[in-house]
Amino acid sequence: MAVTSRRVYLGVEEVSGPLVFVRGVKGVGYGEIAEVVTASGEVRRGRVLIVDGDRAVIQVFEGTGDISTKRARVRFTGEPMTVKVSDEMLGRVFDGTGRPIDGGPPPIGGEERDINGSPINPASRLYPENFIQTGISAIDGMNTLIRGQKLPIFSTSGLPHNRLAAQIVRQATIPGEESEFVIVFAAMGVKHDEAAFFRESFRESGALENVVMFLNLADDPSIERTITPRVALTVAEYLAFDRDKHVLVILTDMTNYCEALREVATARGDVPTRKGYPGYLYSDLASIYERAGRIEGSKGSITQIPILTMPNNDITHPVPDLTGYITEGQIVLDPKLHQQGIYPPIAVLPSLSRLMKDGIGEGYTREDHPNLANQLYASYARVQQIRNIAAIIGEEELSSVDRKYLRFGEFFEQEFLNQGDANRTIEETLDLGWRALGLLPVEELPRLKREQIDKYYHPWE
Amino acid sequence: MPPEESGTVTYINGPVVKASGMAEASMMELVYVSEERLAWEIIALEEDVATIQVYEDTTGIKPGMPVYRSGSPLAVELGPGLVGQVLDGIGRPLNVMREKQGAFLRRGLQVPTLDRERKWPFVPNVSPGAEVKPGDILGTVRETPLLEHRIVVPEGVAGKVIRVAPEGEYTVTETIAVIATGDGEREVKLMRRWPVRRSHPLKERLKPSVPLITGQRVLDIFFPLAKGGAAAIPGGFGAGKTVLQHQLASWSDADVIIYIGCGERGNEMTDVLRQFPELQDPRTGRPLMERTILIANTSNMPVTARESSIYTGVTIAEYFRDMGYHVALMADSTSRWAEAVREIAGRLEEMPVEEGFPAYLPARLAEFYERAGYGKVADDRYGSVTIIGAVSPPGGDFTEPVTQHTKRFVRAFWALDKRLAFARHFPAVSWIDSYSEYVDDIAPWWEGKYGVDWRGLRQRALSILARENELQKIVQIIGPDALPDEQRLVLHVAAMIKEGFLQQNALDPVDRYSTPEKELKLLELLMHYEDRARDLVRQGLPVYRIQGMKVNRALLAARHEIPDDKLEELEALRERMDAEFDALEKEIPRPREVRS
Ligand SMILES: Nc1ncnc2c1ncn2[C@@H]1O[C@H](COP(=O)(O)OP(=O)(O)OP(=O)(O)O)[C@@H](O)[C@H]1O
Ligand SMILES: [Mg+2]
């Protein structure tokens, strides 16, 4: 069998985009880490993408700028990409590959872990069912976040997704439990001021020593973004499953991540599918988003809130589309609500929490919650239809029931949704939902049980 | 035959590897690589170079590593012990993997599908001297209270039984019968092994004529599926494919359920694993897990094993079908399977034709859906495999290749409409875009069993919905008030059908399942409502009086307020409805009265 060439430096045959081609390799394994030393002596890391006999293709994370075929040298490490995980990482700031950038020394203790992790055995998962109170009615009442869920925010540029994510981090609690969340924050290609906003907001809520930040900013090498979420999730898994903590992971912006992945795929000549993204984008994203949940034998959990901006606010774009196909729902922000000054501008109809069914109702939130949410959805959907008709024939021409729906819609948006920075308890949220339904006649509420109507329904007139 | 070393790895590109020195190997042969013995399958051969797809992560695989041949294709073990299991895409029991490896899956573990130690109670069904042929039952094992595992004479084996094991406990590898055939003696064990990629055809295919009763009103009445048929559920993310598949797995009147989570979420499998042991089969009261087999190759598990999960599942289905059972198989999602096919094709540098898919995509889809079927498995026994595939079109666009090609090979198409899902109309099965070509085949069953004009009832309700769809186009231009009362009544009744019949809340313990009786009675009641309402509107009653009827709420809530065992309440509801209509009728000013 071939000897390893760990200490041997090889020349570079070709450089193409983020890829470096090397000939004369021996004993190099798929996926291992290589180090490319530039003419000026700088060391860049990369991962082996293809091995073909004595040739290897390396994807360089930190950019191939000034790597020349003449003067660069390559060395293989024989190891997969790892990150050192330890409790010391809490309160620290790292770059997108896990090197400290806060002026402090690298953590001393800890254990090296493969950043790709291993898939969770589906038979070992524990189904998430603890309600997280975010204090936001549109989420708690209608798209409930559950501990261990992956629930992304679909946004578009100019909308307050960062403010919303920061508010969730600040307000998230499990009613009746002491335990606090630990935050793992991963930025991929975000602007400096956005990263600063999050840092400031973590600081204000006094959570900074419970936060680990990984920052790949807009001017950092783009290919590095393909590893940042994996580094962050490896640390999150350690904190959750080795250290029994409840971890909230914020990944922003997943669109930048996907663009970096597309850059590698294009350089490699992978068959493009929609909008030039490779066919394996789904599986690749799944290898990130599925690193959430709860497992047997551990008290901890990973809750993921990925944030992504939808190019052209198009929800059918591959990035939101494939994300929605993997995550357990989505919170969609709406520019129209934002323009009306409604905060948070959550479009409840296209939003969804798939796990809420098991974390709400009797014994979790309140027994009327599932049917109430269901009825609010149905009634608000009706509002949209009536608004369309009202736009044609004018409000005066509507039947009296239809006019009641419009008032309900108005109240729902202005009071239930538009809460600003208020932090509402789940009871407050549910009671507000009932108040909104009080604007409608009881005949219009077939999704509620009779007992619930008797108990909670109070018509306005 | 013991694995023999034959080749060496030369090339690694993700899940695709090449090895030289493989001149002796054959296509689709299973091989093992490195000292870890990772299971791989040959997918192309050129001279002595084999291209291999790997069922596990290839990190660290290097040129020069040895490749061992197995001599046989990818196969699945079949026998007692399958029911209640959760297997990965190549048939490894995930519970055993969890015991050995903990919560995370690590590669390289070889575990057989069936437990070698466990003993099963075998009851012989034949005596020595009996003449048997394929499909005859040699004996049975009560695998679960819900399922009797029948050990049938394998394909290609016929002759005289020489020996048969006495009633007792046996492991799956013990011989339970010996049959003298034309080519010598054949031993039969509780376990057998079938290659997964080729179909195991029915002895005699018959036209499907019995519906698969799903307890889902919109399906059973409007877009029915026959036992042995094939259906597709296309829909964008969040449209309700998985919930509907779970509903079908829970409530369908099949004997065996095979549920394949193919490239989907881990928690969805956990959900089934958690609920099925607790949910009761409405016909027998037994836990659903006693008739269910899960195949879980979630989105983060290796993509090649995802590709084979579909075949592993359908092979198990065929095996139970041959015992004389009706098997229903759900695959969620076939799009993820197709993407796995595409990914492997891409690594092989095959020519992409549409959206990166290889030219053989339609052929693969056809092969899969053709494995559905209803027919005779022995002289006196019938069996079937029904396939229901979810399709996840990118961007929810049904013109994409997987949806389009699937449509060619299924006869029931349950199109999920995102707009319905947004409005929380679930199941979001569109009554405009969906269809079933089984209606005529199964109508006699309904009419014979329940003595109702099922086809007429269905057609009447559907045409109200179709008219409403047309009228809505006008409403969007001029508003509803401009329509004559008779047409506004159509809008109102259609809304009642949608809310009171088509929608079905999977989370509501009463609503989630309807017996055929309830399905028929509820729809008949709605049609009776329409009869009376139309009559009164003709007599001059304004539509808003119908819209304001007290009974409406009860009629809409009946689906979740009246359980299957209290259907007499529907009668009471009908009386209340008639009384309210009678009262309204009295109020209508009569021409004579006007004159006087
Ligand atoms: N029959 C139903 N009753 C009640 N709620 C439903 C029903 N069908 C779907 N839903 C709701 O819709 C959500 C999404 O459904 P589901 O997970 O089945 O979507 P999907 O089509 O499988 O999406 P994906 O393609 O992303 O997997 C569910 O979590 C549930 O809230
Ligand atoms: Mg699904």
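What follows draws every value from the coordinates through simple rules; no lab data is involved. Predicted model only: the values in this text are computed from it and were never measured. Heads up, the Cβs are rebuilt from the backbone with ideal geometry, glycines too, and the neighbour counts pull from every protein chain shown.
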- Quick one: which of B:48-58, B:457-467 comes out on top by average Cβ neighbours within 10 Å, and what's the full order, highest first? B:48-58, B:457-467
- In whole angstrom, note down how far apart the Cα centers of the range B:521-535 and the range B:199-218 are. 32
- Point-charge dipole on Cβ atoms (K/R +1, D/E -1) for the protein assembly as shown, about Cα centre, debye to 20: 780
- Query: Taking a 30 Å limit on the Cα-Cα distance, which of the listed pairs B:K133/B:K407; B:K498/B:K550; A:K70/B:K62; B:K521/B:K550 fall beyond it?
  - Reply: B:K133/B:K407
- Message: Could you tell me the calculated FRET efficiency between A:K70 and A:E42, based on Cβ-Cβ distance and R0 = 22 angstrom, to the nearest 0.05?
- Response: 0.90
- Relative contact order for chain A using alpha-carbon pairs under 8 Å, separation at least 6, rounded to a whole percent? 16
- If you count, for each residue, the other Cβ atoms within 10 Å and average over each peptide, how do B:300-310, B:32-42, B:92-102, B:578-588 line up from highest to lowest? B:300-310, B:32-42, B:92-102, B:578-588
- Using only C-alpha positions, report the orientation-averaged shadow area of the convex hull of the range A:4-80, nm², one decimal. 4.1
- Could you work out the helix-only [θ] at 222 nm for chain B, with each DSSP H run of four or more residues adding -39,500 (n - 2.57) and the total divided by the number of residues, to the nearest 500 deg cm²/dmol? -10500 deg cm²/dmol
- Query: Taking +1 at the Cβ of each Lys and Arg and -1 at the Cβ of each Asp and Glu, which of B:G240, B:I546, A:L90 sits farthest along the dipole of the protein assembly as shown towards its positive end, judged by Cα position relative to the Cα centre?
  - Reply: B:G240
- With Cα coordinates, the longest principal axis of chain B makes an angle with the long axis of helix B:303-321, in degrees rounded to 10, of 80
- Message: Taking a cut-off of 49 Å, what percent of all Cα-Cα pairs in chain B are separated by more than that?
- Response: 20
- Peptides A:162-174, A:314-326 ordered by average Cβ neighbours within 10 Å, highest first: A:314-326, A:162-174
- How large are Rg and Dmax for the range B:1-148 when only the alpha carbon atoms are used, in Å? 19.3, 57
- Query: Taking 0.36 nm per residue of separation and subtracting the Cα-Cα distance, what length does fully extending B:E470 through B:E167 add?
  - Reply: 102.4 nm
- Note on the structure: Per residue, the convex hull enclosing the alpha carbons of the range A:316-390 has a volume in Å³ of 119
- Let me know the whole percent of all Cα-Cα pairs from the range A:212-322 that are separated by more than 22 Å. 37
- Task: Could you work out how far the C-alpha centroid of the range A:96-150 sits from that of the range B:365-428, in angstrom?
- Result: 36
- Message: Averaged across B:291-299, how many Cβ atoms of other chains sit within 10 Å of each residue's Cβ atom?
- Response: 3
- The Cα extents of chain A along the principal axes, largest first and rounded to whole Å, are 84, 49, 40
- Message: Using Cβ counts within 10 Å as a stand-in for footprinting exposure, how do A:H192, B:H149, A:H161, A:H338 rank, fewest first?
- Response: A:H192, A:H338, B:H149, A:H161
- Message: Semi-axes of the equivalent ellipsoid for the range B:138-213, please: Cα gyration tensor eigenvalues, times 5, square-rooted, ordered largest first, whole Å.
- Response: 25, 19, 13
- Computed over the range B:202-300, Cα set: Rg, Dmax in Å: 14.3, 40
- Message: For the range A:83-358, take N as its residue count and report Rg(C-alpha) divided by 2.2 N^0.38 Å.
- Response: 0.94
- Task: Could you pull the Rg and Dmax for the range A:397-459, using just the Cα atoms, both in Å?
- Result: 12.8, 39
- Message: Can you give me the C-alpha center-to-center distance between the range A:40-57 and the range A:302-370, rounded to a whole angstrom?
- Response: 40
- Note on the structure: Placing each pseudo-label 7 Å from Cα in the direction of the beta carbon, A:V442 and A:A391 end up separated by a distance in nanometres of 3.6
- Could you state the orientation-averaged shadow area of the convex hull built on the Cα atoms of the range B:318-410, in nm² to one decimal? 6.5
- Message: Under a crude label model (7 Å from the Cα following the beta-carbon direction), how far is B:E187 from A:E14 in nanometres?
- Response: 5.7
- May I ask for the percentage of alpha-carbon pairs in the range A:263-364 that lie more than 22 Å from each other? 47
- Item | Kirkwood Rh and Cα Rg combined as Rg/Rh, the protein assembly as shown | 0.99
- Mind checking the mean number of beta-carbon atoms from other chains within 10 Å of the Cβ atoms in B:54-67? 5
- When the chain is fully extended, how far beyond the present Cα-Cα distance does B:T284 get from B:R408, taking 0.36 nm per residue of separation? 41.0 nm
- Message: Suppose a student asked you for the relative contact order of the range B:454-587, using Cα pairs under 8 Å spaced at least 6 residues apart; what percent would you report?
- Response: 28
- Query: Between the helical axis of B:485-497 and the dominant principal axis of chain B, each derived from Cα atoms, what acute angle in degrees is found, rounded to the nearest 10?
  - Reply: 40
- Message: Pairs of alpha-carbon atoms within less than 8 angstrom and 6+ residues apart define the contacts here; what relative contact order does the range A:271-341 have, in percent?
- Response: 29
- Message: So if I place +1 on the C-beta of Lys and Arg and -1 on the C-beta of Asp and Glu, and nothing else carries charge, what would the dipole magnitude of the range A:83-358 be about its Cα centre? I want it in debye, nearest 20.
- Response: 460
- If you take the alpha carbon radius of gyration of the range A:333-447 and divide it by 2.2 N^0.38 Å, what ratio comes out, to two decimals? 1.10
- Task: Take the Cα coordinates of the range B:454-587, assign each an equal point scatterer, and use the Debye formula without solvent to give log10 I(q)/I(0) at q = 0.20 Å⁻¹.
- Result: -1.22
- Note on the structure: For chain A, the helices passing both cut-offs (Cα extent along own axis of 30 Å or more, Kyte-Doolittle mean at least 0.0, full DSSP H runs) are A:369-393
- Note on the structure: For B:E29, other-chain or 5+-apart residues with amide H closer than 5 Å (H placed, Pro excluded) are B:I42
- Partner chain coverage, peptide A:260-270 - average Cβ within 10 angstrom: 1
- Compactness of the range B:74-167 as Cα Rg over 2.2 N^0.38 Å, two decimals: 1.34
- Beta bridges by DSSP in the protein assembly as shown, antiparallel share as percent, to the nearest 5: 65
- Query: Which value in nm describes the separation of the simple spin-label points at B:S127 and B:M27, placed 7 Å from the Cα toward the beta carbon?
  - Reply: 5.0
